[in-house]
Amino acid sequence: MPNYPHKITSKLPEVKTTIFTTVGRMANKYKAVNLSQGFPNFEPDQRLLDLVTKAMNQGHNQYAPMAGLPRLREIIADKINHLHDRQYHPENEITITIGASQAIFTAVTAFVGKGDEVIVFKPAYDCYEPAIEVNGGIPVYVRLNDKDYTIDWEEFRGKITSKTKMIIINTPHNPSGTILSKADMIELEKSLRHTNIIVISDEVYEHIIFDGHEHESVSRFDDLASRSFICASFGKTFHVTGWKVGYCAAPAELMHEFRKTHQFNVFCVDHPVQQALAEYLQVPEHYLGLNDFYQEKRDFFLNALKDSRFTFTPSQGTYFQLLGYSNITNERDVDFAKRLIVEHQLASIPISVFNVAEKDNKVLRFCFAKTQKTLEKALIILNRL
């Protein structure tokens with residue numbers, strides 16, 4: 001095909017192929033054990049699959065309501081109220097979305113315009129900044145502590161200006177596996193009081209918390225709840241990331257603006273899946289049991305590495321574990337991650353790609369949401385290094 005004859009101006013000129021695509025292709029090429037991308041390689045509950053089939057066979061195959069099935073929104077509202085003592089009205093404060101990424105993008109699009117600043121804590125999941133930039137906004141970075149990924153709240157407050165429109169937080173945090181404590185949330189609340197700044201709280205790993213810790217949702221804090229979008233993922237919770245179904249909760253005034261964009265972007269979400277989730281969620285153990293399920297995998301993974309050359313702090317949440325490798329090599333993390341695939345057939349994600357200026361702390365991220373067999377294969381490789 002000849003060169004494209006028309007002049008175009010990219011709204012995202014700096015965006016390149018994601019590390020997930022690059023690593024995924026290499027993992028396939030070299031038949032690597034893949035602990036890179038954040039999805040389980042085991043099957044979801046057969047009962048949930050059967051409920052989707054049942055919904056399709058019962059004729060739930062046309063458009064769902066724009067905001068989502070009322071019954072599903074009611075159950076979500078009950079879940080949040082039970083876990084966090086916050087009442088969201090299912091009619092005008094909860095919307096079913098195509099996963100959390102669409103919820104985040106929609107919330108940003110609904111409020112961020114040219115020149116607006118949005119504070120992002122780095123390292124950060126890679127969907128935040130493109131959503132800001134494509135809407136003309138300016139990402140403003142606060143770098144998490146290199147060792148324990150905590151927030152310097154004085155530094156954070158110093159980044160707030162008259163142009164700050166929004167803050168994006170993520171707890172439990174991808175890629176570090178850390179969580180924001182109650183004290184952190186109080187600091188955030190104190191920092192934003194007397195402002196009109198909106199918060200997007202990415203809480204997709206809300207049900208994967210370890211060692212007796214609690215998930216401190218923004219919904220637990222009055223002032224934060226009054227200014228926040230909570231974005232959540234059924235895909236992460238129920239091992240069905242390919243279904244791309246999640247939800248967003250926010251005060252009615254914010255949700256009103258959110259739905260203006262949502263209805264012209266996706267309009268509605270997969271109908272039979274919503275029907276299935278509405279029934280499946282009626283058994284709280286389907287999500288409350290995840291902590292123990294994933295902590296067993298985390299503990300197995302780390303116990304097997306205790307005598308290796310890797311260093312680590314146990315993940316507090318998510319299904320990711322960071323491993324420091326400075327005792328093994330001084331290579332840049334991207335180079336080491338690629339060499340692990342080519343020479344050792346093991347795929348992981350380098351953390352520098354999520355950092356400000358791609359700062360390299362010699363750390364790789366591994367996903368332990370895998371079968372026992374897969375983890376055992378990976379551990380043999382890691383312990384040989």
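The values are calculated or read from the model by the stated rules, or taken from the named source; none is laboratory data. A quick note: this is a predicted structure, and the numbers were derived from the prediction, not measured. Quick reminder, even Gly has a Cβ in these numbers, built from the backbone with ideal geometry, and neighbours come from all protein chains shown.
Scanning region 312-349 for residues that are surrounded by fewer than 14 Cβ atoms within 10 Å (Cβ to Cβ) and closer than 30 Å to PHE238 by Cα yields a count of 0. Residue count for region 237-286 satisfying the condition of being surrounded by fewer than 19 Cβ atoms within 10 Å (Cβ to Cβ), touching a residue at least 24 places away in the same chain (Cβ under 8 Å), of a type in the set (A, V, I, L, M, F, W, C) and farther than 18 Å from HIS60 by Cβ: 1.
Taking THR9, is it in contact (Cβ under 8 Å) with a residue 24 or more places away in the chain and of a type outside the set (Gly, Ala, Ser)? It is false that THR9 is in contact (Cβ under 8 Å) with a residue 24 or more places away in the chain and of a type outside the set (Gly, Ala, Ser). Evaluated against (1) closer than 30 Å to PHE258 by Cα; (2) touching a residue at least 60 places away in the same chain (Cβ under 8 Å); (3) not in a loop (DSSP other than H, G, I, E, B), THR21 falls short on exactly one condition, (2). The single condition among (1) out of contact with any Ser or Thr (no Cβ under 8 Å at 6 or more places or on another chain); (2) under 14 Å from TYR125 (Cα atoms); (3) among the small types (Gly, Ala, Ser) that SER181 does not meet is (2).
Quick test for you: out of PHE111, PHE156, PHE105, PHE121, pick the one residue that is aromatic (Phe, Trp, Tyr), over 27 Å from LYS359 (Cα atoms) and either in contact with a Ser or Thr (Cβ under 6 Å, 6 or more places away or on another chain) or buried (at least 16 other Cβ atoms within 10 Å of the Cβ) (or both).
Details: PHE156 fails: over 27 Å from LYS359 (Cα atoms); PHE105 fails: over 27 Å from LYS359 (Cα atoms); PHE121 fails: over 27 Å from LYS359 (Cα atoms).
Answer to the check: PHE111.
Among residues of region 298-320 being touching a Leu at 6+ places or on another chain (Cβ under 7 Å) and touching a residue at least 40 places away in the same chain (Cβ under 8 Å), the one that is nearest to ASN361 (Cα to Cα) is PHE310.
Of GLN275, GLN295, GLN321, which residue is in a helix (DSSP H, G or I), under 20 Å from the mean Cα position of the chain (by Cα) and of a type in the set (S, T, N, Q)? Step through it out loud before you land on a result.
On the way: GLN275 fails: under 20 Å from the mean Cα position of the chain (by Cα); GLN321 fails: in a helix (DSSP H, G or I).
The match here is GLN295.
One residue alone among ILE160, ILE186, ILE167, ILE197 is β-branched (Val, Ile, Thr), under 19 Å from the mean Cα position of the chain (by Cα) and in the same structural domain as LEU72 (by TED's automatic domain parsing), and that residue is ILE167.
Only one of the numbered conditions (1) of a type outside the set (D, E, K, R); (2) exposed (fewer than 13 other Cβ atoms within 10 Å of the Cβ); (3) modelled with pLDDT under 90; (4) not in a loop (DSSP other than H, G, I, E, B) is violated by ASN28, and that is (3). Restricting the search to strands (runs of 3 or more DSSP E) fully inside region 75-145 and requiring at least 1 residues that are of a type in the set (Phe, Trp, Tyr) and free of Cβ contacts under 8 Å to residues at least 12 places away in the same chain gives an empty result.
For region 128-153, filtering for residues that are in contact with a Ser or Thr (Cβ under 6 Å, 6 or more places away or on another chain) and polar (S, T, N, Q) leaves 1.
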